[in-house]
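Report on the structure given below.
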Amino acid sequence: MDISPLQQARYAYQPKLPAILRKDITSIAPAFGEATSAATDADAVKALFPHTYGMSRVTFTEGDNQAITARRNVGVILSGGQAPGGHNVISGLFDALKAANPENILYGFKGGPSGILEDSYQIITSEFLAPYRNTGGFDIIGSGRTKLETQEQFEICAKVCKKHDISALVIIGGDDSNTNAAVLAEYFLEKNHGIQVIGCPKTIDGDLKNEFIEISFGFDTATKTYSELIGNIERDANSAKKYWHFIKLMGRSASHIALECALETQPNICLISEEVEANKQSLVGIVEDIAQAVSARALDGNNFGVVLIPEGLVEFIPEIKALIDEINHLLAKEATAFNALTDSDQRVAFVSSRLSKSSQAVFTILPDEIQKQLLMDRDPHGNVQVSRIETDKLLASMVENRLKHMKAEGTYKGKFSSMTHFFGYEGRCAFPTNFDADYCYSLGYNAFCLIGAGLSGYLSSVTNLCAPAQNWNAGGIPITMMMNMEVRHGAKKPVIKKALVELEGKPFTYFAKHRSRWARETCFTYPGAVQYYGPSEVCDKTTVTLVLEQSK
């Protein structure tokens with residue numbers, strides 16, 4: 001296989017571990033803390049998880065743990081979208097497994113959860129793993145979005161595990177994947193199958209977090225990758241001085257990526273979906289705010305700038321959210337008649353004529369292309385595929401139209417040209433930063449220690465992440481403590497609660513304090529490319545968000 005010089009160099013990198021995980025694995029013992037409870041809907045969650053609810057938090061300390069050397073086989077699954085560092089979770093898991101007993105075997109189920117249902121696997125050996133250490137992607141065994149949620153699926157999982165003498169599964173995924181891990185762990189305990197389930201917190205969106213999951217893996221690398229690109233565009237904008245760049249960033253349910261990138265690059269404007277929703281800000285109001293910022297900079301002779309937009313913004317704008325809900329309901333109700341139409345203009349007219357007056361008014365002000373995007377093929381749940389709506393182009397177009405009216409009124413005298421971008425897949429499989437390489441390796445190593453402690457239904461937890469890696473804390477939290485009840489497909493189901501941007505939190509407060517100056521002045525900062533060699537403050541630093549959250 002052809003490899004780049006960076007690949008070769010990264011293979012040799014030895015990730016840093018918390019001090020406790022550097023010890024002989026037989027001297028790493030669990031210490032149990034206070035019992036836990038769900039943040040909300042505690043009674044309902046407890047009723048659904050009688051075997052795993054209320055379990056104690058775990059911290060690893062020095063102590064005798066000879067039981068960890070028992071011979072065991074472990075399975076691992078990559079679930080959901082890719083995030084930088086997944087390969088290192090598997091590397092840490094493998095190294096801990098082999099440190100405990102060289103005869104242990106790691107089964108990597110291919111293509112996500114479907115791999116275990118189909119008994120499709122790869123035995124992971126040191127030779128097989130070597131080319132994937134410290135690299136991005138999930139290509140070592142692949143990933144998938146199949147959900148493990150039915151008793152029939154659970155029994156197939158148990159049957160496959162018993163066939164290979166697998167006594168523990170590690171599921172590497174986001175909120176939905178780890179919700180499934182909790183359900184599976186509960187089921188295995190209820191049926192006395194003797195199979196442990198441990199989760200690892202993954203998502204570049206950054207919305208799987210709490211006091212004990214300070215950051216989901218991949219978020220650091222993805223935001224640094226996007227911030228490099230944003231910084232490059234900012235420098236180009238400041239050089240050419242003639243374009244406004246509208247940049248859409250990953251993050252459907254939360255705006256953590258947009259906020260972190262804003263903190264790293266100081267753009268002129270960054271929209272935060274949670275704030276838009278809290279203020280009940282309209283689409284017209286958002287456009288007006290951007291147009292006024294463009295006009296103000298034009299007075300200073302600066303006919304250029306950068307706007308950051310979270311991917312899921314449209315779902316947080318009240319009248320757009322209502323419009324989308326109405327379209328989803330309409331197309332589900334009249335699917336046959338709608339699908340019989342092949343011309344996009346006919347489809348637009350069909351929907352427009354059946355909307356309520358308020359939604360019709362919103363629909364008609366949208367550019368033609370956006371109208372058509374709202375009517376594209378639905379996702380498996382029958383909803384609009386928000387990631388395919390070009391919010392960057394929507395705002396650029398509407399701002400341009402508003403500026404034309406302002407120019408006609410004599411209230412705007414500048415020049416406006418826009419360019420649009422979407423940064424998404426560029427960050428999902430990047431070479432992990434040193435932070436993510438270390439953090440993910442620690443999560444994987446720690447996951448096996450949770451298995452060795454005989455635990456199930458836990459999420460691997462590594463904390464104190466603003467400190468050097470040797471001072472990180474290792475342990476685990478019950479997945480049930482992160483759950484609440486939400487309506488899914490018309491019924492209440494237990495799910496891990498998504499962590500949204502807190503408008504009273506330190507990262508947003510810092511951003512809000514500085515954004516008016518960033519909007520008028522050119523305060524761009526240029527993070528540059530991710531660095532792997534050099535001073536620790538350059539190579540090992542974590543996100544600005546985490547630093548602000550943990551500041552005193």
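Derivation of every value follows stated rules applied to the coordinates shown; laboratory data play no part. Predicted model only: the values in this text are computed from it and were never measured. Note that we place each Cβ from the backbone using ideal geometry, even for glycine, and neighbour counts take in every protein chain shown.
For the reader, a short list of remarks on this structure follows.
- Per-selection metrics, region 58-175 (Cα): Rg and Dmax in Å: 14.5, 41
- Per residue of the chain, the DSSP helices (runs of n ≥ 4 H) give a summed -39500 (n - 2.57) that works out to -13000 deg cm²/dmol at 222 nm.
- Note on region 253-330: semi-axes of the ellipsoid equivalent to its C-alpha gyration tensor, largest first and rounded to whole Å, are 26, 16, 9.
- Counting charges near Leu78 (Lys, Arg +1; Asp, Glu -1) among other residues having Cβ under 13 Å from its Cβ returns a value of +3.
- The angle between the Cα long axis of helix 219-240 and the main principal axis of the chain comes to about 30°, on a 0 to 90 degree scale.
- In a simple Cβ point-charge model (Lys, Arg +1; Asp, Glu -1; nothing else charged), the chain has a dipole of about 500 debye relative to its Cα centre.
- Size of region 212-311 from its Cα atoms: along the principal axes, largest to smallest, the extents are 48, 33, 17 Å.
- For the chain, fraction of C-alpha pairs farther apart than 32 Å, in %: 48 percent
- Estimated D of region 446-495 in µm² per second, where Rh is the Kirkwood radius over Cα pairs and Stokes-Einstein applies at 20 °C, 1.002 mPa s: 166 µm²/s
- Crossing angle, helix 256-265 versus the chain [Cα axis fit, 0-90 degrees, rounded to tens]: 70 degrees
- Percent of Cα-Cα distances greater than 19 Å, calculated over region 15-95: 62 percent
- Segment Glu62..Glu537, full-extension length gain: 168.0 nm, with 0.36 nm per residue of separation and the alpha-carbon distance subtracted.
- Cα centroid separation, region 467-510 to region 116-172 (Å): 25 Å
- Derived from the Cα gyration tensor, the three semi-axes of the equivalent ellipsoid of region 347-442 are 35, 25, 10 Å, largest first.
- The C-alpha atoms of the chain define a longest principal axis, and helix 283-299 lies at about 70 degrees to it.
- Contact order, relative form, for the chain: 24 percent (alpha carbon pairs under 8 Å, 6 or more residues apart, mean separation divided by residue count).
- Built amide H within the under 5 Å cut-off of Thr61, gap 5+: Ala29, Ala31
- Only alpha carbons enter this Debye calculation for region 102-226, each as an equal point scatterer, and the log10 of I(q)/I(0) it gives at q = 0.13, 0.15 Å⁻¹ is -0.58, -0.77.
- Of interest is the spacing of the C-alpha centroids, which for region 1-64 and region 221-287 amounts to 33 Å.
- Region 153-287: radius of gyration over Cα atoms, expressed as a fraction of 2.2 N^0.38 Å: 1.49
- Considering region 405-506 at the alpha-carbon level, its Rg and Dmax are found to be 22.7, 73 Å.
- Modelled spin-label separation between Ala491 and Glu152, with each label point placed 7 Å from Cα along the Cα-to-Cβ direction: 1.4 nm.
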